[in-house]
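Structure record follows, encoded as structure tokens.
None of the figures in this text is laboratory data; all of them are computed from the coordinates on show. As the structure is a computational prediction, the values presented were derived from the model and not from experiment. Methodologically, a virtual Cβ is constructed for each residue, glycine included, from the backbone with ideal geometry; neighbour enumeration extends over all protein chains shown.
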Amino acid sequence: MLISKTDNDDQQEGVVDPKLPVCPNCGSAKEGILEQGPSPASFIISLICLYYCGIWSVLLIPLVFQSTKVIIKRCQYCNQELEKRNYFQLPNINDQVMQFKFGNCMIVASRKYALILLGIIFLLFFYFQQQIEKEPIKIEIDYPTDKSWMDFLQLCGKFQFVENGLKARHQFETNFKGKIVAWNGIYVKTKSNNDMNYSYSHWVYIKMDPTESTDDIPDVVLGVNSQQYSIEKFNLLEQGQSINFNAKFISLGSEYNFHILELKQLEINTSESLVDIKQIKKFTLIMDQSQQLKQTKLQDSLKRMIHMYQPRRNDSQSDNQNNVFRMGLSAEEIQKIEEDIEELQKQLELEDQQENEQVVDQSSQIKNDQLEDKVQKEEKDRDMTQKLENNQDKQVEKEESTKDSSIESNLDQQ
């Protein structure tokens, strides 16, 4: 059965829906094809992110392209562009009502309030920018400390770090970090800096006395800038040369790392002879305990002296008085206390010298005993060798005598 077109069908084909866009090229009025593509803002914002964020822009650029896409509507027949829509759309200043479009979100405000809001934002931006520029430049002040190397070993040395790392770090933060120390050390070697974490040109390795390491391993590393001291100056130094240095403490070392300082001032002791770094005495736990005992003795003696010079209460006053007046120390009493303190310090120094002399005497006695033992052993060896030689000579004589006797007996028989 054949179905033919009616007049109504022809009329419907000729009717154009006013809601659908009409292509200016082919004149068709069909629903268009929607496509998404990058906009010029996508590339501009991506370049800005790449400049400011560096390698981290790899995480931001996909989000920028996704949020700044452009929707393009094309004709189904001739594929010509009919309409373009942006996710981000800025309003026209001449419009009474402004629309700020961000993707699927839209902010609608009257022109007056929108301009007031934008003006406030710009004013706040310039205000905070000016405040940042006016901030004073922070100048780092290097504070000196009178703590010695021995004090450092007692407060946050290797033994203290192994025993209680948190306590040692706390002592370092409060007493040494960022402060200038004036110490004496022994030069070991110089190396160029290959660590990107530090801006120094070369490292100077120093061994301290007493040392907390073994053999020829240094204790302290000084970071040096080439603008301050050239590496040729340190290459001229010999191992074992004594130097005085002022340096700023940067970081605390451990049993596996060196203590790092920044060199500020250097003085080479050319008058002193070279020191054998392998012969430097090692800081031991016994030495630490003896130093602590000396400090406690000094503190106790000072307390006793101050308590001795404290004025006593006046018992002749009436019992009705609740508050008792105490007089302070006079200048003569303070001077006498200072003299007693100096005497105590001298006594402690004498004790140190006596201990060192005893150690030297003991070491010399041990060496003499060792030499005597060696001499006795050599004499014994000589006696043994002589006895062996005598025995060998006797055996040779016996053999010769037996040979002679045998020859004589043979001759007699013949």
Kirkwood Rh, angstrom, segment 20-87 [1 / mean 1/r, Cα pairs]: 13.6 Å
Extension gain (nm, one decimal) between L388 and E408, 0.36 nm per residue minus Cα-Cα: 4.2 nm
Listed pairs K207/K374; K147/K264; K264/K346 exceeding 24 Å between Cα atoms: K207/K374; K264/K346
Mean Cβ neighbour count within 10 Å, used as a protection proxy, ranking 243-256, 261-274, 176-189 highest first: 176-189, 243-256, 261-274
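Can you tell me what share of the DSSP beta bridges in segment 20-87 is antiparallel? A percent to the nearest 5 is fine.
Taking every DSSP beta bridge with both residues in segment 20-87, the antiparallel ones total about 100 percent.
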For C26, C156, order by how many other beta-carbon atoms lie within 10 Å, fewest first: C26, C156
Cβ-derived FRET efficiency at R0 60 Å, K374 paired with L124, nearest 0.05: 0.10
Packing-based order for 120-126, 224-230, using average beta carbon neighbours within 10 Å, highest first: 224-230, 120-126
Sorted by Cβ density within 10 Å, fewest first, the residues K207, K167, K387: K387, K167, K207
Cα-centred dipole magnitude for segment 143-285, charges only on beta-carbon of K, R (+1) and D, E (-1), debye, nearest 20: 300 debye
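Can you tell me how much longer the chain between D352 and I55 gets when fully stretched, taken as 0.36 nm per residue apart minus their C-alpha distance, in nm with one decimal?
Using 0.36 nm per residue and subtracting the Cα-Cα distance, I get 100.8 nm.
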Contact order relative to length of segment 20-87, as percent, for alpha carbon pairs under 8 angstrom and 6 or more apart: 38 percent
